[in-house]
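Peer 1: Sharing a structure below in structure tokens format, with a few things to ask.
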Amino acid sequence: MSGRGPETSEQTVPVEPPVHVEVFPTHYMTMWKADSLAQFLTALGAVDRVPPTASTVVDDSSTVGREQQSVADIEATETVRYLRVEPDTPWTVSWEQRTSPVVSVSGTPPPALCRQLHTRTTDCEEWSDDEVDSLVHALPEQRGSDDGMGQ
């Protein structure tokens, strides 16, 4: 348990870079250090559930405030500090430039999506069966279900 309260738990999936999992009563969030914005945008292009027209919130230091754009209109420039893609799904996916870039997936995404985005936004080529199980077991609603990760 973390110090965030009795309704929240945190775990780590032992892949490289590690995937941090935070579980809340109504949703969960996975987060990891990632590579470039260009690599993130390429990874999104491979996700069937993220159409090119998906609404995206963009924080670009060359403009004032955040803007709404479609994911297809985003250009990978050094001035983009944050973007959150909001497809018509029960989850969102974000990329943020911190000390190192970070990707997070929040809501109730299938574990397979988290694995797919992790391997496409980092140098990690694949997850072992134990690493997949670690993520599935970190998510109470996924235990004992068909997680769709056997690609």
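Peer 1: Work from the charge dipole of the chain (Cβ charges, +1 for Lys and Arg, -1 for Asp and Glu, about the Cα centre) and give the residue of ALA76, GLY45, SER61 farthest towards its positive end.
Peer 2: Ranked along the dipole, the leading option is SER61.
Peer 1: Between SER55 and GLU75, what is the label-to-label distance in nm when each label sits 7 Å out along the Cα-to-Cβ direction?
Peer 2: Taking the simple label geometry, SER55 and GLU75 are separated by 2.5 nm.
Peer 1: Can you give me the long-range amide H partners of ALA54? Hydrogens built in the peptide plane at 1.01 Å from N, cutoff under 5 Å, separation of 5 or more residues or another chain.
Peer 2: Distant-sequence amide H within range of ALA54: VAL71, ALA72.
Peer 1: Additional query: Using just the helices of the chain, give the 222 nm mean residue ellipticity in deg cm²/dmol: DSSP H runs with n ≥ 4 each add -39,500 (n - 2.57), and the total is spread over all residues, rounded to 500.
Peer 2: Working: 3 runs with 30 residues, N = 151.
Taken over the chain, the calculation gives -6000 deg cm²/dmol.
Peer 1: What length, rounded to one decimal in nm, is gained on full extension from ALA46 through to THR63, with 0.36 nm per residue of separation minus their alpha-carbon distance? Walk me through the numbers before you get to the answer.
Peer 2: Working: separation 17, 0.36 × 17 = 6.12 nm, distance 2.85 nm.
Residue separation times 0.36 nm, minus the Cα-Cα distance, leaves 3.3 nm.
Peer 1: Still on this structure, I have one more. Given +1 on the Cβ of Lys and Arg, -1 on the Cβ of Asp and Glu, and no further charges, what dipole in debye does the range 9-128 carry about its Cα centre, rounded to the nearest 20? Walk me through the numbers before you get to the answer.
Peer 2: On the way: 8 positive and 17 negative charges, 40 e Å.
Roughly 200 debye for the range 9-128.
Peer 1: Across 10 Å bins from 0, what is the distribution of all Cα-Cα pair distances for the chain, in whole percents?
Peer 2: 11, 41, 35, 12, 1
Peer 1: Looking at PRO111, HIS27, ALA138, which one has the Cα that reaches farthest to the positive end of the dipole of the chain (charges on Cβ: Lys, Arg +1; Asp, Glu -1)?
Peer 2: Result: HIS27, furthest along the dipole toward the positive end.
Peer 1: Could you tell me the distance between the Cα centroids of the range 6-38 and the range 83-113, to the nearest Å?
Peer 2: Comparing the Cα centres of the range 6-38 and the range 83-113, I get a distance of 10 Å.
Peer 1: Output wanted: per-residue J couplings in Hz (rounded whole) for the range 57-72, from phi through Karplus 6.51 cos²θ - 1.76 cosθ + 1.60, θ = phi - 60°, x for Gly and Pro.
Peer 2: Those phi angles translate into 8, 10, 10, 10, 5, 8, 10, 8, x, 8, 10, 9, 9, 8, 4, 5 Hz.
Peer 1: Let me ask something else. For the range 1-82, what mean projected area does the convex hull of the alpha carbons give, in nm²?
Peer 2: Values: hull surface 29.1 nm².
The directionally averaged projection comes out at 7.3 nm².
Peer 1: Given the options GLU125, GLU86, GLU96, which has the most mean-square fluctuation in a GNM of the chain, springs set between C-alpha atoms less than 10 angstrom apart?
Peer 2: Sorting by GNM fluctuation, first place goes to GLU125.
Peer 1: Now for a different question. Suppose R0 equals 22 Å; then what is the FRET efficiency for THR99 and ALA38 from their Cβ-Cβ distance, rounded to the nearest 0.05? If you can, show how the numbers build up before the last one.
Peer 2: Details: r = 19 Å, r/R0 = 0.85.
The calculated FRET efficiency here is 0.70.
Peer 1: If you don't mind, another one. Taking amide hydrogens as modeled 1.01 Å from N in the peptide plane, which residues meet the under 5 Å criterion relative to ARG81, leaving out close sequence neighbours?
Peer 2: The answer is ASP59, ASP60, SER61.
Peer 1: Mean separation of Cα pairs under 8 Å and 6+ residues apart, divided by the residue count of the chain: what relative contact order is that in percent?
Peer 2: On the way: 258 pairs, mean separation 34.8, N = 151.
With pairs under 8 Å counted, the relative contact order is 23 percent.
No lab work stands behind these numbers, since they all come straight from the coordinates. What you see is a predicted model, and the numbers here were worked out from it, not measured in a lab. Ideal geometry is used to build each Cβ from the backbone, glycine not excepted, and the neighbour counts take in all protein chains shown.
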